[in-house]
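Undergrad: Quick one: the structure is below, and I'll ask about it shortly.
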Amino acid sequence: MISLLDILAILGVVLLLVVLRALRREHIRVEHSVSWLAAAAALIVLSRSGALLEKAAPLIGVQEPPLVLLMLILIVFLGVFYRFSRIVSELKDMNITLTQRVAILEFHLREKNGKA
Amino acid sequence: MVDGSRTLILIPAFNEAAAIGAVVREVRQHLPGWPVLVVDDGSADGTAAEARAAGARVLSLPCHLGLGGCVQAGYKLAFELGYEEVVRIDGDGQHDPRHIPMLLETLRRSGCEMAIGVRTADGARGATLARRAGIWCFRMLLRPILGRPVTDPTSGFVAVNRRALEVFARSFPLEYPEIETLVVLQRRRFRFVEAPAPARPRLAGKSSITPLRSVYYVVHVLLGVFVNILRLDARRAARAVGEQLDDQPS
């Protein structure tokens, strides 16, 4: 029977492949793929480290070792989401500033040519 | 007659082709010689062409930014061009341009940084029940934050002087700016004044605030208000203004 750790390992491999495919097709920039690749690699390695998870489980008060990995996944992915929210916000601010600047420059150009 | 040669009439517009021409012509008819700038927020219906044909100068944004980004673009240009004041009216014809000199006079006489045209005595008459409830909530929320009552916090009919213009050119709320703007001003220890300016029915189109969007509007504005209160740069600016005032001889 397939265990929860096996499912998580498969998820890690799928995530790794999806991100590598997106990189190859230039859908994701390299600097933005690092977080996802690190998360996928951590998922694969930890899901194959049953002994490590068994040792960690009592330290954080959970009975089942796979729950340790699920908690770690949650923390890592929250971190990734937060990082990308910051990136998107910064990009939006820059985009607005650039859009306004382009419009103002075009306005000055039209004024200069007597077309505003 | 109020001198408007250093005052820019700013009209943000998004898909207002049916109304913008009449709005610009009415402003030019009542206030001949006053500079009029329409900021076209990436409209797809010929708003910019209609505004130009009516005699306005047009700042065309290459893509849709939303009301805050659109108004801020106008403020930035006005600041760069050296205008002393900007009066903002809506592009749907709700605001009567005959009230503009009165609002400007109020701004100048008061010494405040912003003057708000109050559409009705309670700021909400004629609006839907949900909208009236929303405006009432905002008024209750803003009173302790601003330290004074505000009658019509969602009015888009406002006049600002160059000090406010400088601040708004650098930092301006993006989506639903009217209420957050008051908090931005308050954090910098700027002041506002209100003057009655009854609104009219819009010439064309309908409000973008649907019942569903109004829920998002309320949540967004509440969050924006609290973020502005917490924002560090605003606190530093307020402190700096306070120190300048303290340094001035009494």
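The values are calculated or read from the model by the stated rules, or taken from the named source; none is laboratory data. This is a predicted model, so every value here is computed, not measured. Here the Cβ positions follow ideal geometry from the backbone for every residue, glycine too, while neighbour counts run over all protein chains shown. Remember, those area values only see protein heavy atoms, side chains included, never the ligands or the DNA or RNA. Shrake-Rupley method; radii C 1.70, N 1.55, O 1.52, S 1.80 Å.
Undergrad: For chain A, what does the alpha-carbon gyration tensor say about shape, rounded, prolate or oblate, given a ≥ b ≥ c as the root eigenvalues, a/c under 1.5 as rounded, and a/b over b/c as prolate? All intermediate terms of the calculation are to be shown ahead of the outcome.
TA: Numbers: a/c = 5.85, a/b = 2.98, b/c = 1.96.
Prolate is the answer for chain A, as a/c is 1.5 or above and a/b outweighs b/c.
Undergrad: Then there is this: Search the structure for amide H atoms under 5 Å from the amide H of B:Gly42, placed 1.01 Å from N in the peptide plane, and list their residues when 5 or more places away or on another chain.
TA: So B:Gly42 has HN proximity to B:Leu61.
Undergrad: Is the C-alpha gyration tensor of the protein assembly as shown telling us rounded, prolate or oblate? Criteria: a/c under 1.5 is rounded; beyond that, a/b larger than b/c is prolate, otherwise oblate.
TA: Here the protein assembly as shown falls in the prolate category.
Undergrad: Which whole-Hz couplings ³J(HN,Hα) result when phi for each residue of segment B:85-92 is put into the Karplus expression 6.51 cos²θ - 1.76 cosθ + 1.60, θ = phi - 60°, listed in order with x for Gly and Pro?
TA: 9, 10, 10, 9, 10, 6, x, 9
Undergrad: Which of the DSSP-defined H helices in chain A satisfy a minimum axial length of 24 Å, computed from C-alpha atoms, and a minimum mean Kyte-Doolittle hydropathy of 0.5?
TA: On the way: long enough: A:4-24 (30 Å, 2.41); A:30-47 (25 Å, 1.53); A:65-112 (71 Å, 0.84).
Qualifying helices: A:4-24, A:30-47, A:65-112.
Undergrad: Amide H neighbours of B:Val158 under 5 Å, counting only residues 5+ apart in sequence or on other chains, H built in-plane at 1.01 Å?
TA: B:Arg88, B:Gly117
Undergrad: In addition: Rounded to the nearest 0.05, what FRET efficiency is calculated for A:Leu109 and B:Arg109 with R0 set to 35 Å and r the Cβ-Cβ distance? Walk me through the intermediate numbers first.
TA: Working: r = 39 Å, r/R0 = 1.10.
Result of the calculation: an efficiency of 0.35.
Undergrad: Could you calculate the FRET efficiency of A:Met94 with B:Val218 from 1/(1 + (r/R0)^6), where r is the beta carbon distance between them and R0 is 30 Å, rounded to 0.05?
TA: E(calc), rounded to 0.05, equals 0.55.
Undergrad: For B:Glu194, enumerate residues with amide H under 5 Å from its amide H, sequence gap 5+ or separate chain, H modeled in the peptide plane.
TA: Those lying under 5 Å, H to H, from B:Glu194 are B:Ile116.
Undergrad: Related question: Ranked from the most accessible area to the least, with a 1.4 Å probe and all protein chains present, what is the order of B:Ile89, A:Ile10, A:Ile28? Don't jump to the answer; show the numbers that get you there.
TA: Details: B:Ile89 0, A:Ile10 90, A:Ile28 50 Å².
Final ranking, largest accessible area leading: A:Ile10, A:Ile28, B:Ile89.
Undergrad: Another one. Could you give the size of the charge dipole of segment A:74-116 about its Cα centre, using +1 on the Cβ of each K and R and -1 on the Cβ of each D and E, expressed in debye and rounded to the nearest 20?
TA: For segment A:74-116, the charge dipole is close to 80 debye.
Undergrad: Follow-up. Using DSSP to define loop residues, name the trypsin sites (Lys or Arg not before Pro) in segment A:11-56 whose beta-carbon has at most 15 other beta-carbon atoms within 10 Å.
TA: Filter output for segment A:11-56: A:Arg25, A:Arg29, A:Arg48.
Undergrad: Using Cα centres only, tell me the gap between segment A:10-43 and segment B:133-195 in whole Å.
TA: Cα centres, segment A:10-43 to segment B:133-195: 45 Å.
Undergrad: Within the protein assembly as shown, what percent of beta bridges assigned by DSSP are antiparallel, to the nearest 5?
TA: 30
Undergrad: For a label point 7 Å from the Cα of A:Val62 along Cα→C-beta, name the residues of segment A:1-32 whose backbone N is under 15 Å from it.
TA: A:4-9
Undergrad: Per-residue ellipticity at 222 nm for chain A, helices alone: DSSP H runs ≥ 4 residues times -39500 (n - 2.57), over residue total, nearest 500 deg cm²/dmol?
TA: Helix contribution divided over all residues of chain A: -29500 deg cm²/dmol.
Undergrad: With every protein chain in place, what's the accessible area of A:Leu67 (1.4 Å probe, Å², nearest 10)?
TA: Solvent-accessible area, nearest 10 Å²: 80 Å².
Undergrad: FRET efficiency for B:His64 and A:Met71, Cβ-Cβ distance as r, R0 = 41 Å, nearest 0.05? List each step's numbers first, then the result.
TA: Details: r = 42 Å, r/R0 = 1.02.
Using R0 = 41 Å, I get an efficiency of 0.45.
Undergrad: Please give the length that would be gained between A:Glu54 and A:Val34 if that part of the chain were fully extended, namely 0.36 nm times their separation in residues minus their C-alpha to C-alpha distance (nm, one decimal).
TA: Numbers: separation 20, 0.36 × 20 = 7.20 nm, distance 2.83 nm.
Going from the current span to full extension adds 4.4 nm.
Undergrad: Within 10 Å of each candidate Cβ there may be at most 14 other Cβ atoms; applying that plus a DSSP loop requirement, which trypsin sites (Lys or Arg not before Pro) in segment B:43-141 survive? Show your work: numbers first, answer last.
TA: Details: sites: B:Arg52, B:Arg57, B:Lys76, B:Arg88, B:Arg98, B:Arg108, B:Arg109, B:Arg119, B:Arg125, B:Arg131, B:Arg132, B:Arg139; in loops: B:Arg119, B:Arg125.
Here the sparse-neighbourhood loop sites are B:Arg125.
Undergrad: Highest first, please rank the peptides A:68-74, B:45-51 by the mean number of other Cβ atoms sitting within 10 Å of their residues.
TA: Top of the packing list down: B:45-51, A:68-74.
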